[in-house]
1. Just the accessible area per residue of the stretch 68-202, please: how many Å² with a 1.4 Å probe?
2. Give me the accessible area of residue 71, 1.4 Å probe, in Å² rounded to the nearest 10.
3. Determine the sum of side-chain charges near residue 164: Lys and Arg each +1, Asp and Glu each -1, restricted to other residues whose C-beta is under 13 angstrom from that of residue 164.
4. What's the local net charge at residue 178, with K and R +1, D and E -1, over the other residues with C-beta under 13 Å away?
5. What net charge is computed for the residues neighbouring residue 105, neighbours being all others with C-beta under 15 Å from the C-beta of residue 105, Lys and Arg scored +1, Asp and Glu -1?
6. Taking all protein chains as present, what is the carbon and sulfur share of the accessible area of the stretch 77-156, in % to the nearest whole number, probe 1.4 Å?
Amino acid sequence: MEDFEEESVSGSESEGNDSGMSDGELQEAFAKGLLKPGLNIPLEARKKAVNNVEGLKQCLADFKKDLAWVERLDLTSRPLPDIVAKADGKLTTLDSGEIHAEDDFQREMYFYRQAQAAVLEALPRLKKFNISTKRPEDYFAEMAKTDHHMQKIRTKLLAKQASMEKSEKAKQLRELRKYGKKVQTDVLQKRQKDKKAMMTAVKKYQKGMTDKLDFMDGDQEKGKKGASGAAGPNAAKKKRGPNAKRQYKDQRFGFGGKKRGSKWNTKESHDDMSGFRSKAAHGKSGKNFGKGGKQGASKRPGKNARKKMKNRS
């Protein structure tokens, strides 16, 4: 343990000494190989670039071949001018020669017009040398892939298309289920809302806060609306009136008239007191009307009298 502590102390002292060394001492230590690897990185001398123009020209002359233009098909041309801009009297940046390399659209347009100029210059030359530039109609090229390989690709594409259609149908079914559930929940929520509104109206009526019973006619009005909306031909038939058979029977036997509510009181019948007789109503008339409207009805004997009559018999 003591040896290890001594070594660590000596190592720290050596590091302290190395850190306190000057540049000249470090260079001498590096030359002798006393420095540990990893702490210092030697710098390699930068290679000197040589521009040997004569040697490059000699190499170019060695592999350069003097071939005809038909074998080379090389052209150097300027881009075509913009005809539309020239007709309008405008000067474009391509015509003026100011091209910004960072402008992608301008750079691509420069390449496009330069290719146009090269084509317009090359086609007359090729026709001059009787070289055809279009593929003949009876030209058949050999397929790069075999029929067996193309059949495999076609089968794979058909399987992929079938799987995509299947997944699309499944997606549509899921959407329909979601829509059906949504409609069902909307109907249930509407029913609960209507029920809550009706219960609130009933409580208000019971507490005397309102005297209207319009909430009782809600379902009937809805039923009438639904029937009128659903039965269009029947509604039109009712508007036309009854048929000839019904009219003949009404003319022969008569129309019964209104049945429902015929015995209800109205404001006029309630206020009409012409047929009211107080003596007949209170039993003070000349004739002796007994209970139940029977004339001269005998009074029933009491309980004790009936018992005595029973014992006598």
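1. 93
2. 140
3. Value of the local net charge: +3.
4. +3
5. Around residue 105, the charge tally is -4.
6. Roughly 57 percent, rounded to a whole number.
The values are calculated or read from the model by the stated rules, or taken from the named source; none is laboratory data. Source: prediction; values computed, not measured. Every residue, glycine as well, gets a Cβ built from its backbone with ideal geometry; the counts of neighbours run over all protein chains shown. Each accessible area value is taken on the protein alone, full model and side chains, heavy atoms only, with ligands, DNA and RNA left out. Shrake-Rupley method; radii C 1.70, N 1.55, O 1.52, S 1.80 Å.
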